[in-house]
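Visitor: Right, I'll just put the structure down here and ask away after.
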Amino acid sequence: NLKLLRKHFGKSQDEVSKSLGLNRSTYSGYENAVAQPSLEIISMISEFYNISIDAILKNDFSTFNSSQWTRITNGWKSSATGSKLRILTSQVSESNEELIEMIPVKAKAGYALGYSDPEFIKELPTIRLPFLSKNRKYRTFPISGDSMPPVSDGSFVVGEFVQDWTLISSETPCVIVTKDDGIVFKIIDNQISKEKNVLLSSTNPLYETYSVELKDILEIWMFRCYISMELPETILGEDSISSSIRSIQKSLFRIENKS
C-alpha cells in the first residue's frame, strides 16, 4: 500500500523518508514489508499525504480505480464541507422549535467530549432569543480570559452552527471547538481550501496568532451576539490599531512557518 500511495502522488522514496525524518533504507523496508511501521509512523504518513489513517489501513490500493483515488485524496473536503454528515445533537421545545442550549462554565471542559452525546446535550440549560432566525441553529458558549475584547471574561457568546467550514469568510469571529483546546473564541483566517487549516487570532494584540489543523476541529459556530454583565470601555481608533497588529501577526506567522 505504501509503495502504491507514494507512486500515486509522484513522490520518490527520498522525498517521503526525509519528510518523515527516516533514512531511506528504513522507509524502503516498510514499503517492501520487511518491517512494520509503528502507528506513529503511519500517522505521519497520513499527514504527509493528507489522507486518513483508516484509508491507509483498510484499503487495498492495488484494486483502486481513478474515482476511488479521488475519493480518498479529497477526503478532507467531506470533513470541511459537512457533506459527510456532520451530526448535531440539539434540544427542541414541545412545539418542535429549536432551543438555544447554554454551556455552563462548569460544563465547558467536557463539551469537546460530550458535544455529540444526546444525554449530555439534553441536560444543558436553554434560553430563547426571539430576534434570532428560527431557521438557524444556535448555541451559547462561556468565554474566559481577556483575549477577545470587547467580549470580557465571564461573558457568553451566541454562535450560529456552521455546516460548511469552507464558506466562512476570513476575519470572522467564531467559536471553534477543537480536540485539544476545547472551546475557543477567536477570529478565523480561513485557509482550509489551500492549507487544510485555519489561523486563529485575537482582538487583544498581546495574544499570538496560531494555526489549527482541519482534522483537529470538531465544530465551528459563527458569532452572532454576546451576553455580558459589563459595559465595555472603548477608545477611539482602538479597533483599527488592533486590526493592523493582527494582520502583522498573521503575516509573521506565515513567514515563520514557511522557513
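The values are calculated or read from the model by the stated rules, or taken from the named source; none is laboratory data. Just so it is clear, the structure is predicted and the values come from calculations on it, not from any experiment. Cβ coordinates were reconstructed from backbone atoms using ideal geometry, including for glycine residues, and neighbour counts include every protein chain displayed.
Visitor: Residues of the range 172-217 being in contact with a Pro (Cβ under 9 Å, 6 or more places away or on another chain) and surrounded by fewer than 18 Cβ atoms within 10 Å (Cβ to Cβ), which ones?
Guide: Scanning the range 172-217 gives a single hit, Asn204.
Visitor: Please enumerate the residues belonging to the range 212-225 that are over 18 Å from Ala112 (Cβ atoms) and among the charged types (D, E, K, R).
Guide: Hit for the range 212-225 is Arg224, nothing else.
Visitor: Taking only the range 177-211 into account, find how many residues are more than 21 Å from Ala112 (Cβ to Cβ) and modelled with pLDDT under 90.
Guide: Total satisfying the criteria: 3.
Visitor: Within the range 163-171, is even one residue buried (at least 21 other Cβ atoms within 10 Å of the Cβ), in the same structural domain as Pro104 (by TED's automatic domain parsing), closer than 28 Å to Met229 by Cβ and hydrophobic (A, V, I, L, M, F, W, C)?
Guide: The answer is no, given that none of the residues of the range 163-171 is buried (at least 21 other Cβ atoms within 10 Å of the Cβ), in the same structural domain as Pro104 (by TED's automatic domain parsing), closer than 28 Å to Met229 by Cβ and hydrophobic (A, V, I, L, M, F, W, C).
Visitor: Looking only at the range 141-193, count how many residues are assigned to a loop (DSSP other than H, G, I, E, B) and either closer than 13 Å to Ile217 by Cα or among the aliphatic types (A, V, I, L, M) (or both).
Guide: Residues in the range 141-193 being assigned to a loop (DSSP other than H, G, I, E, B) and either closer than 13 Å to Ile217 by Cα or among the aliphatic types (A, V, I, L, M) (or both): 10 in total.
Visitor: Let me ask something else. Which members of the range 136-156 meet the condition of being among the hydroxyl-bearing types (Ser, Thr, Tyr) and in contact (Cβ under 8 Å) with a residue 40 or more places away in the chain?
Guide: Of everything in the range 136-156, those that are among the hydroxyl-bearing types (Ser, Thr, Tyr) and in contact (Cβ under 8 Å) with a residue 40 or more places away in the chain turn out to be Tyr138, Thr140, Ser147, Ser152, Ser155.
Visitor: Pull out all pairs, ordered by first then second residue, where Cβ-Cβ is under 7 Å, the residues are six or more apart or on different chains, the first lies in the range 115-133 and is touching a residue at least 12 places away in the same chain (Cβ under 8 Å) and within 13 Å of Glu101 (Cβ to Cβ), and the second is acidic (Asp, Glu) and not in a loop (DSSP other than H, G, I, E, B).
Guide: Tyr115/Glu219; Ile121/Glu101; Leu124/Glu101; Thr126/Glu101
Visitor: Does the range 18-26 contain at least one residue that is modelled with pLDDT of 90 or more, in contact with a Ser or Thr (Cβ under 6 Å, 6 or more places away or on another chain) and surrounded by fewer than 16 Cβ atoms within 10 Å (Cβ to Cβ)?
Guide: Within the range 18-26, one or more residues are modelled with pLDDT of 90 or more, in contact with a Ser or Thr (Cβ under 6 Å, 6 or more places away or on another chain) and surrounded by fewer than 16 Cβ atoms within 10 Å (Cβ to Cβ).
Visitor: Quick check on this structure: which one of Ile192, Ile187 is in the same structural domain as Leu113 (by TED's automatic domain parsing), under 23 Å from Ile100 (Cα atoms) and of a type outside the set (Asp, Glu)?
Guide: Of Ile192, Ile187, the one residue that is in the same structural domain as Leu113 (by TED's automatic domain parsing), under 23 Å from Ile100 (Cα atoms) and of a type outside the set (Asp, Glu) is Ile187.
Visitor: Within the range 100-110, which residues are farther than 24 Å from Ser133 by Cα and either touching a strand residue (DSSP E or B) at 6+ places or on another chain (Cβ under 6 Å) or of a type in the set (Lys, Arg) (or both)?
Guide: Val105, Lys106, Lys108
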